[in-house]
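The values are calculated or read from the model by the stated rules, or taken from the named source; none is laboratory data. If you're wondering where the values come from, they're calculated on a predicted model, not measured in any experiment. Cβ atoms come from the backbone with ideal geometry, glycine included; neighbour counts cover every protein chain shown. In case anyone asks, the SASA skips ligands and DNA or RNA and just uses the protein heavy atoms, side chains included. Shrake-Rupley method; radii C 1.70, N 1.55, O 1.52, S 1.80 Å.
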Amino acid sequence: MKRLFRLLSACALLLAAAAATSAQSTPYPGEDLSKVYDRLLSKIDAIAIYDNHAHPGFADDNDVDAMASPPDESSVLRLRDDNPEFVTAAKFLFGYPYEDFKPEHAKWLADRKKAAQAAGGQAYFDSILDKLNVETCLANRAFMAPYLNPKRFHWVFFADSFFYPFDNHEQAASTPDMGVYIPLQEKMLVRYKKQMNVDSLPADLAGYENFVRNTMADNQKRGGVAIKFEAAYFRTLYFTDPPREKADAIYAKYHSGGVPAAEDYRLFQDYIFRVIVDQAGRLKLPVHFHSAVGIGDYFSLRQGNVLNLENVLRDARYKNVVFVLLHGGWPYEREAALLTAVKNVYLDTSLQSEMLYPSQFKSVLKQFLTLYPDKMMFGSDAFPFNDALGAEESFWLAARTSRTALAGALAELVSERAISEDKAIELAHLYLHDNAAKLYGGTK
């Protein structure tokens, strides 16, 4: 009897050990990784995407962004014209008949897009979304274009021009990049003034604050669903909290002329930034930040570090303002992901899905989705590079990279026994669609 009892006890211990082993994740995927990946990818391909960040439009449309690239802008390897993936994209989207983008071949693609632009109508870009199984796209644009269907493309408008109401000669002369950027911000501010029937700058700060608030409210009525800062291109993302009387004195001194000292201009911008954020909260407009590496020779990685925003993101006065960290803070993506522990902070992975190859991006997604998966969103950052390579191929590259990298990241987690396949698909839905649809409203 004792022998039987010992035998049963040993069996129980073995069963318990086996159960514990099966419930414990391992540091390496198993031999089933490839099959898990295939199963997940087929299901992930069927998920409609909600794109949190893109610049849709034709190459000669100056409104696809509120700024432009400096001359002779350097490009990372994957975004150069000779990337063969762009040929694959063109074949998928348009039946492109060539294997390269030699000028005489690229003309075939450019002519096709010019014909679509000349034909007008909203069916063209709708068809691009349909081919890529994209339900909705947030369009970061200076102004919306009539050829974009507002049911599919929702407008995110820009805030940075409000930073530059004074004489900007010294700002524009500070670097060659700023010599390109600042005139575009001045142009944007002029367009906003025309929109609001404002002939000249208001006489006092209170009037300027009202102009800013009213423009934001009017943009929301015109279809705006969020407001975006590209501030990292112009200045540090660290915003102080100056008293109103100091900003009032600066406005009174310079609104009629004179060149502000750099410190005065920065302090005024810090104050207006907080006016904008406060109004965004009142209007329930999410606030988007460029939070990654930028273009140009003078972009400051140190000043653009997403951690510079921490004092704003954790400010209790803005607990009801939704903040979205575009591009996931790359190359400070871990810091950005950890900031989403704040209840009202989200991020998207736009830019990364074009700049990084799937094998690289897989590691980013694997980490993101095991931290705060209900805060992570897909974004394409699609942008028209030139007449031949447009936002269309950019959309394809981001979507295909994200789907395959996502399947790879989740397959590893499943094969490592960290999560089940059902949980993996749940996380895929959150990232590709559901988090953004919940934030902005969606149909699926």
Those helices (runs of 4 or more DSSP H) lying entirely in segment 327-444 with at least 2 residues over 30 Å from P103 (Cα atoms): 333-339, 358-368, 391-415, 421-429, 435-440
Segment 249-288, residues that are in contact (Cβ under 8 Å) with a residue 40 or more places away in the chain, under 16 Å from V321 (Cα atoms) and part of a loop (DSSP other than H, G, I, E, B): L285, P286
Verdict on D65 being in contact with a His (Cβ under 7 Å, 6 or more places away or on another chain) and either open to solvent by 10 Å² or more (accessible area, probe 1.4 Å) or over 16 Å from G390 (Cβ atoms) (or both): yes
Filter pass, Y238 being of a type in the set (S, T, Y), under 19 Å from Q185 (Cα atoms) and in contact (Cβ under 8 Å) with a residue 12 or more places away in the chain: no
Looking only at segment 88-113, and only at residues there that are under 16 Å from A391 (Cβ atoms) and open to solvent by 70 Å² or more (accessible area, probe 1.4 Å), the one that is modelled with the highest pLDDT: F92
Every residue from segment 412-425 that is within 18 Å of T349 (Cβ to Cβ) and either open to solvent by 40 Å² or more (accessible area, probe 1.4 Å) or touching a Pro at 6+ places or on another chain (Cβ under 8 Å) (or both): E412
Qualifying positions in segment 51-71 - closer than 27 Å to I182 by Cα and not in a loop (DSSP other than H, G, I, E, B): N52, H53, A54, N62, D63, V64
Which listed residue is open to solvent by less than 50 Å² (accessible area, probe 1.4 Å) and more than 30 Å from H433 (Cα to Cα), from A232, A217, A249, A172: A172
Cβ pairs under 6 Å, 6+ apart, first in segment 381-402 and at positive phi and touching a residue at least 12 places away in the same chain (Cβ under 8 Å), second part of a loop (DSSP other than H, G, I, E, B) and surrounded by 23 or more Cβ atoms within 10 Å (Cβ to Cβ): D381/S350; D381/L351
Test: residue in segment 24-32 that is over 18 Å from S380 (Cβ atoms), of a type in the set (V, I, T) and in a helix (DSSP H, G or I): no
Residue match in segment 1-15 (condition: of a type in the set (D, E, K, R), modelled with pLDDT of 85 or more and over 21 Å from the mean Cα position of the chain (by Cα)): no
Matching residues, segment 192-209, being surrounded by 15 or more Cβ atoms within 10 Å (Cβ to Cβ) and assigned to a helix (DSSP H, G or I): Y192, K193, L205, Y208, E209
Criterion: under 13 Å from the mean Cα position of the chain (by Cα), hydrophobic (A, V, I, L, M, F, W, C) and open to solvent by less than 10 Å² (accessible area, probe 1.4 Å) - qualifying residue of L389, L339, L347: L347
Selection within segment 289-326 - in a loop (DSSP other than H, G, I, E, B) and open to solvent by 60 Å² or more (accessible area, probe 1.4 Å): D297, Y298, L301, R302, Q303, R314, K319, N320
Failed item, numbered, when G121 is tested on (1) on the phi > 0 side of the Ramachandran plot; (2) crowded, with 22+ Cβ neighbours inside 10 Å: (2)
